[in-house]
Each structure stands twice: as structure tokens, then as C-alpha cells.
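Asker: For reference, the structure I am asking about is given below.
The values are calculated or read from the model by the stated rules, or taken from the named source; none is laboratory data. Note that the structure is a prediction, hence the values are computed from the model and not measured. Here Cβ is always computed from backbone atoms with ideal geometry, including for glycine, and neighbour counts include all displayed protein chains. Calculation scope for accessible area: heavy atoms of the full protein, side chains included, ligands and nucleic acids excluded. Shrake-Rupley method; radii C 1.70, N 1.55, O 1.52, S 1.80 Å.
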Amino acid sequence: MPETFKAILISRDEDKNQTVEVTELSEADLMEGDVTVAVEATTVNYKDGLAITGKAPVVRRWPLVPGIDFAGTVLSSDHPDWRKGDKVILNGWGVGEVHYGAYAGRARVSGDWLVPLPDGISAHDAMAVGTAGYTAMLCVMALERHGVLPQRGPVVVTGAAGGVGSVAVSILSGLGYHVVASTGRSAEAAYLHELGAAEVIEREELSGPARPLGKERWAGGIDSVGSHTLANVLSMTAYGGAVAACGLAGGMDLPASVAPFILRGVSLLGVDSVMAPKELRLEAWRRIASDLDLGKLSALSRTIGFDDITEAARDIVEGRIRGRVVVDM
């Protein structure tokens, strides 16, 4: 009998009704790829929550094992870059959307999708950072490339108590930025100050319809919310500033004016973590290892087991998750 392992499988019937079950798979059930990895840790991201609850069309292949990121050890490889025993990380590339993902004991993927686990970071810590934290670092790097450095002025982070936001606050504060954290959960103010936020503002300040131009309040921002929130952030960004947009927790629309762009020279920087080129990924993880205070990971994350994934997926979609969720497999 082949060795089996637990996996979460999302299926859909002819009427497009979705079901989620825990099942047993073997390596023979995995999809194509030239590297097989023993999954040691994964996470529950907002996108994973949408996939498991079916609240957004994240899954585009049926049936599917969800889970968009993992860290683990190579079991076998036909790829020239990887050998048995190598420690690796995967983020994105359609895994957990069109390719079997992390919520299983094994994953078979393309070796081109993997990056090495940085020295000094465990698989658990890498997933405390996870795709959310890796995306946050991509946003920080985008702001830096645009010249939004600490001396330019404050930087706002929306959805600050969430996964992307928590890591963004921590990284930015560690780099010397004056961080303005926006959250809809006022009870999390102490948590955000602990991560390094200099100011905490209520989400309501940014959630209504935006004026074409507002008072210049920050040199830049990192937004994971979208919709009216992003429109307000743009309207309040100072001359020549920039906002890195990476999420849509508040909606996919952008009811904004062109005024910030043509009157203040504000730039909107789109940040994609799913298909980012390998060179950018390697730089992001190098920067995470050097610029993120790993001592803060325990404050911004909690750990669950495999059997708790489905409940955590529901909680993250309902806004009941603070920071990051690590799954020890």
C-alpha cells in the first residue's frame, strides 16, 4: 500500500455547490511537477479563506487542494536547482488556485516556483511571514524604488491588524518610518503600537466616499483593502508620493478621482505576489531575513493544527483573525 497523508479537498457538483472534506491522498494523486516536498508548515491567508468558504472564485480547478504557500523539505527532485533535503518556500504561482496546494502532507510542484528557506529562519517562522508578509515586503520595496523613504514623511498602512498589514507595520517601523496604522478594530491599538505603529487611526476615517483631494497626510501607503479606502489614501497622499496596492478586502472597485495623479503627481504602484519573478522573490526573502524583527513573529502570529484550518478560513473571511495564522503540519 502506498503511504498516504491527510489533505483538504474542495469539490463542486454539477450545480456548482461546493463541498470541503478531509481525505487521504498518496503521492500518486498529486499533480505534475518535478519537485516533491514534505509540507512542514503552511498558513491561512485571506485568499485561502475565500477558497474554502467559496465566497470568491479563487478555485479554478476542481477538485483542488487549497493552500497558497508552504515551507518544507524536498523529498525528491528532477529539477537542477534542488536536491533531496533542501529547505524551500513556495508562494503563489497558482498553487491553491489551479494546482494542488499546501493543505496536504505532500506537494508536487515545479522547481521554478520554489525559493530557498533563508538561513536562520525555520519553516514555522517562514510561514508566520507567509505570502502576506512576503507581499508586504514587496510593497515596501516598491515604495523604496519610488523614493518613498523614511525622511519623506509618514506612511499609512490600511488593514493594519491583518496579515499583510501586521508585517508591513513591523517592517516599516524597523526601517525607521513613521507608521500610521489604519484598522477597523480599535481593540487592536495596543497590538499595533507593539509592532511599531506611531499612530493608530480608525478605519472610518478612510471608508467613506473620497474627496478628489484631501489634506496631505502621508508620503505614501501600503493598502490591502481597495475600494473607498484606497481612494481616500490616494487623495491624502502628499505631492510626489506613492501608494502600493496589493489587496481587495474592501472591494475590487476604485471610486477615485484623477486629481491626486495629475495635480500632486501621486503614483499608484500595483504589487502582485502570485507571478512575481524569481529575482524579486529572492530579494524579498533576503530582505525579510535582514529587516524583519523575527522576535515580533510571536506577537503577530498564532499557531494551529491541520484540523483547525477550515475554521480559521471562515474566521479570516469574517475579519476575526489578527495578524498571521501558522499551520504546523
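Asker: Conditions: (1) under 14 Å from the mean Cα position of the chain (by Cα); (2) free of Cβ contacts under 8 Å to residues at least 40 places away in the same chain. Met275 meets all but one. Number of the miss?
Answerer: (2)
Asker: If you don't mind, another one. Quick one: which of Val59, Val22 is assigned to a strand (DSSP E or B) and either touching a strand residue (DSSP E or B) at 6+ places or on another chain (Cβ under 7 Å) or under 26 Å from Val225 (Cβ atoms) (or both)?
Answerer: Working: Val59 fails: assigned to a strand (DSSP E or B).
The conditions single out Val22.
Asker: Collect the residues in region 68-81 that are touching a helix residue (DSSP H, G or I) at 6+ places or on another chain (Cβ under 6 Å) and part of a loop (DSSP other than H, G, I, E, B), keeping them in residue-number order.
Answerer: Matches in region 68-81: Ile68, His79, Asp81.
Asker: Look through region 82-96, keep the residues that are part of a loop (DSSP other than H, G, I, E, B) and in contact with a strand residue (DSSP E or B) (Cβ under 8 Å, 6 or more places away or on another chain), and return whichever of them is surrounded by the fewest Cβ atoms within 10 Å (Cβ to Cβ). Step through it out loud before you land on a result.
Answerer: Step one: list which residues in region 82-96 are part of a loop (DSSP other than H, G, I, E, B), which gives 82-86, 92-94, 96.
Right, trim to in contact with a strand residue (DSSP E or B) (Cβ under 8 Å, 6 or more places away or on another chain) and you get 82-86, 92-93, 96.
Details: Trp82: 18, Arg83: 11, Lys84: 11, Gly85: 9, Asp86: 18, Gly92: 20, Trp93: 21, Gly96: 30.
Ranking the candidates gives Gly85 first.
Asker: Of these, Arg320, Arg314, which one is open to solvent by 30 Å² or more (accessible area, probe 1.4 Å), among the basic types (Lys, Arg), within 19 Å of Val164 (Cβ to Cβ) and out of contact with any Leu (no Cβ under 7 Å at 6 or more places or on another chain)? Working first, answer last.
Answerer: Details: Arg314 fails: within 19 Å of Val164 (Cβ to Cβ).
Result: Arg320 is the single residue among Arg320, Arg314 that is open to solvent by 30 Å² or more (accessible area, probe 1.4 Å), among the basic types (Lys, Arg), within 19 Å of Val164 (Cβ to Cβ) and out of contact with any Leu (no Cβ under 7 Å at 6 or more places or on another chain).
Asker: While we're on this one: Being buried (at least 21 other Cβ atoms within 10 Å of the Cβ), in contact with a Phe, Trp or Tyr (Cβ under 8 Å, 6 or more places away or on another chain) and over 28 Å from Val95 (Cα atoms) is the filter here, so list the residues in region 235-265 that pass it.
Answerer: Passing the criteria: Met236, Thr237, Gly241.
Asker: Also: Look at region 274-288 and say how many of its residues are in a helix (DSSP H, G or I) and either open to solvent by less than 40 Å² (accessible area, probe 1.4 Å) or basic (Lys, Arg) (or both). Steps first, please.
Answerer: Of region 274-288, the ones in a helix (DSSP H, G or I) are 278-288.
If we keep only those that are either open to solvent by less than 40 Å² (accessible area, probe 1.4 Å) or basic (Lys, Arg) (or both) too, we end up with 278, 281, 284-288.
Adding up the residues that qualify gives 7.
Asker: A further question follows. Anything in region 1-25 that is surrounded by fewer than 14 Cβ atoms within 10 Å (Cβ to Cβ) and over 12 Å from Ile52 (Cβ atoms)? List them, or say none.
Answerer: Met1, Pro2, Glu3, Asp13, Glu14, Asp15, Lys16, Asn17, Glu24
Asker: Out of (1) in contact with a strand residue (DSSP E or B) (Cβ under 7 Å, 6 or more places away or on another chain); (2) surrounded by fewer than 18 Cβ atoms within 10 Å (Cβ to Cβ), what's the single condition that is false for Val39?
Answerer: For Val39, the exception is condition (2).
Asker: Give Leu114, Leu143, Leu172, Leu192 a once-over and let me know the one that is more than 14 Å from the chain's Cα centre (by Cα), under 28 Å from Leu30 (Cα atoms), in contact (Cβ under 8 Å) with a residue 12 or more places away in the chain and open to solvent by less than 10 Å² (accessible area, probe 1.4 Å).
Answerer: Result of the check over Leu114, Leu143, Leu172, Leu192: Leu114.
Asker: Within region 204-232, work out how many residues are at positive phi and charged (D, E, K, R).
Answerer: The number of residues fulfilling the criteria is 0.
Asker: Could you say whether any residue in region 124-136 is in contact (Cβ under 8 Å) with a residue 40 or more places away in the chain, touching a strand residue (DSSP E or B) at 6+ places or on another chain (Cβ under 9 Å), in a loop (DSSP other than H, G, I, E, B) and of a type outside the set (Ser, Thr, Tyr)? Full working, then the answer.
Answerer: Let us first name the residues in region 124-136 that are in contact (Cβ under 8 Å) with a residue 40 or more places away in the chain, namely 124-136.
Those still in the list that are touching a strand residue (DSSP E or B) at 6+ places or on another chain (Cβ under 9 Å) too: 124-136.
If we keep only those that are in a loop (DSSP other than H, G, I, E, B) too, we end up with none.
No.
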